[in-house]
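Read through the structure below, which is laid out as structure tokens, and then see the notes.
Rule-based calculations on the coordinates, nothing more; no lab input. Everything numeric in this text was worked out from a predicted model, so none of it was measured. Positions of Cβ are generated from backbone atoms using ideal geometry, with glycine treated the same way; all protein chains shown enter the neighbour counts.
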């Protein structure tokens, strides 16, 4: 019988041996390297194994089926972070010297924050799909950071728009009471200002309540919620906080179908531990769950049937985190492919891949060609919009699986953009950053990764 | 000014007391080890995780509930004996800090071992008790919390009977009083230590199941020790009664503080308030409310 831990341990030992050897210093032609700051043990391992498993499965599909991206093989190495910032930075320091780095994908707000200055010096993209610093959407100030598909403010707007649609229109939000129950961390606090701002626009009342990390005890918060008698509770949780919130809601008599989960409260791992209490719970998502999409079928056929699947438990194929990992893999690979069109079918520098991400425009037709129709909608990244206007949908848990219960919904980007720009400009002023123009964005360096920061 | 909502106050208080019982369950495991060996067993949370993960993994493989319980208990007993043989026995007569660090290492081994053996996936655990509330005079009381309180009371009763009325209990107390004197009269320290680690394993299993039913069985279970530490500081490291009273006090005070003081501090204060409260008590009573006062002659 095989298990994650055993495999991860073995993998770790092999990879450490490899890292210690000559491989670490030798430049290899026609390879594009992805350092993965993953977490396969610790409190957030379920999310880490699903997400990084999905990304690796997609890379394997590209290598096995297509022989890489236009002949350029994808390679990667994992470094265990346990979702801890200091470990994440340690992994960065260990892997930053590796040749041919395409992009970093830490899947952690804390690690991402700690890396922004470093990767900006290195000129290597930092991908924070569905999370990260909201104002990093502004590519004028954050050239190498990409909160792809959905930044926290867009998520908030999407949730409010969904509540409005449930109530029968934006005007019905007036006087409604909303509680935001957020994780006591920088991630959890990121959306506090935007809920207040949207309150001014829509006229709802809002109370924002913090749950201290890790969130395994929420009695006091839910009693306060019960006293406030809100119409909706938005759950901005992470890890164990989510099932505990759902169960405590039941314990205090709050109806679960009035709880809307955010994008990190939307997985099977968030609802299964809550049992029947989670039936009827709804959450936002940028990618659908399920394994019926052609790209997933190909992964099963080519990768898993070939014995290269990353998930030990095949039942998790098509789960929320796995599918997010696959979408993340698609976005990384397509950025490389788009950059190759300009720079040639060869190994690219980090800055060239950055250019690829800044032209990552996948319309629904291209998404369909990639076998991902319905899995996610589309993306339209530009040099100054690093989020890419991802659409969101809502899914409801029926006790066994998620069912989509809304159309694709667009957040209110026009409303959000000036706020994002203002915040980014303040950051630029504080850090003395020169605001980029489109001409600046079109220039690339051919130096690679840490070498480019050494040069500069 | 808004009038004081007394039923709400009662609801927060009762909810806090019942939460406190859950902390006490974890704290009792610490007390058992500390009482007989003077070791603050930092691995108690890891034991809890190991027990719950083993239990749920066997259950998911179709093993009947009570057989699963018995098998898990047997595994915890084996682990207890192994800990005594491989960790405690070689460290006899070493300073308490050495033993503490050993249990810290043990925690990593157990956490890693549990995940190596059973994987990292999150599991649901249904003990068949609905967590729906009773409404008594407008106050919501959780059925599950009442069940947990009954289980905690049963464990305390069981441990009291064992400690007071059995030979092994007498031996436990003798070792707790004075290890050297206990050795001098012929008590076998290794046997007693193994027995007490088995008992701690049993408490870990029960606490693991209750916490697992509430949180889901996942790595975060090992973090519930953070809830037990202020309970121990407050109640005393060597008193089962202290663990219960400490749990009740910590549970009630942190919930009341969160609701009534939290808004003045921006919310989310309960995690640190419990420690501040316990530290304040520590300044007045360094051994905790029920801990044995140490008298050292120089």
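Using a 10 Å cut-off on Cβ to Cβ distances, tally the other chain neighbours for every residue of B:123-133 and report the average as a whole number. All intermediate terms of the calculation are to be shown ahead of the outcome.
Values: counts 4, 9, 2, 3, 0, 0, 0, 5, 9, 4, 5.
Per residue, the average neighbour count from other chains is 4.
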Exercise. Starting with the highest mean, order B:101-110, B:59-68 by the number of other Cβ atoms within 10 Å, averaged over the residues of each peptide.
Key: B:101-110, B:59-68
Quiz item: Using the alpha-carbon atoms, what tilt in degrees (0 to 90, nearest 10) does helix B:225-235 show relative to the longest principal axis of chain B?
Solution: 90 degrees
Practice problem: Ignore the peptide's own chain and count Cβ atoms of other chains within 10 Å of each Cβ in A:260-273; give me the average, rounded. | Solution: 2
Quiz item: Can you give the angle from 0 to 90° between the axis of helix A:219-228 and the longest principal axis of chain A, with both taken from C-alpha atoms, to the nearest 10?
Solution: 50 degrees
Practice problem: Write down the Å³ per residue value for the convex hull defined by the alpha carbon atoms of the protein assembly as shown. | Solution: 181 Å³
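Can you sort B:54, B:86 by how many other beta carbons sit within 10 Å, fewest first?
Numbers: B:54 23, B:86 13.
Ascending number of Cβ neighbours within 10 Å: B:86, B:54.
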Quiz item: Hey, how many Å between the Cα centroid of segment A:302-357 and the Cα centroid of segment B:1-72?
Solution: 42 Å
Quiz item: Quick one: Cα centre-to-centre distance for segment A:365-404 and segment B:93-137, in angstrom?
Solution: 37 Å
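Place the peptides A:428-434, A:183-189, A:37-43 in order of packing, highest mean first, counting for every residue the other Cβ atoms within 10 Å and averaging per peptide.
Values: A:428-434: 11.3, A:183-189: 20.7, A:37-43: 24.7.
Packing order, densest peptide first, comes out as A:37-43, A:183-189, A:428-434.
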Exercise. Can you tell me the FRET efficiency between residue A:84 and residue A:196 if r is taken as the Cβ-Cβ distance and R0 is 30 Å, rounded to the nearest 0.05?
Key: 0.45
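Need one number: convex hull volume per residue for segment B:6-284, Cα atoms only, in Å³.
That works out to 144 Å³ per residue.
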Quiz prompt | Two-site FRET efficiency, residue B:157 against residue A:437, from Cβ-Cβ distance with R₀ of 56 Å, rounded to 0.05 | solution = 0.15
Quiz item: Packing-wise, with mean Cβ within 10 Å as the measure, how do A:72-78, B:279-285, A:202-208, A:156-162 rank, highest first?
Solution: A:156-162, A:72-78, A:202-208, B:279-285
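Remind me, relative contact order of chain A in percent, using alpha carbon pairs under 8 angstrom and six or more residues apart? Write out the running numbers ahead of the final one.
Numbers: 923 pairs, mean separation 92.9, N = 456.
Contact order relative to length: 20 percent.
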Self-check item: Pairwise centroid distance, computed over Cα atoms, of segment A:41-91 with segment A:97-166, Å
Solution: 17 Å
Self-check item: chain A, helix-only ellipticity at 222 nm - DSSP H runs n ≥ 4, -39,500 (n - 2.57), divided by all residues, nearest 500
Solution: -13000 deg cm²/dmol
Exercise. Calculate, in nm to one decimal, what residue B:187 and residue B:285 gain on full extension: separation in residues at 0.36 nm each, minus their alpha carbon distance.
Key: 32.0 nm
Quiz prompt | Shielding by partners, peptide B:262-271 (average Cβ within 10 angstrom, other chains) | solution = 6
Quiz item: Once both labels are modelled 7 Å past Cα along the beta-carbon direction, what's the residue B:104-residue B:241 spacing in nm?
Solution: 3.4 nm
Quiz item: When only C-alpha pairs under 8 Å and at least 6 residues apart count, what is the relative contact order of segment B:6-284, in percent?
Solution: 39 percent
Exercise. Would you mind checking the tilt of helix B:167-177 against the longest principal axis of the Cα atoms of chain B, expressed as 0 to 90 degrees and rounded to 10?
Key: 90 degrees
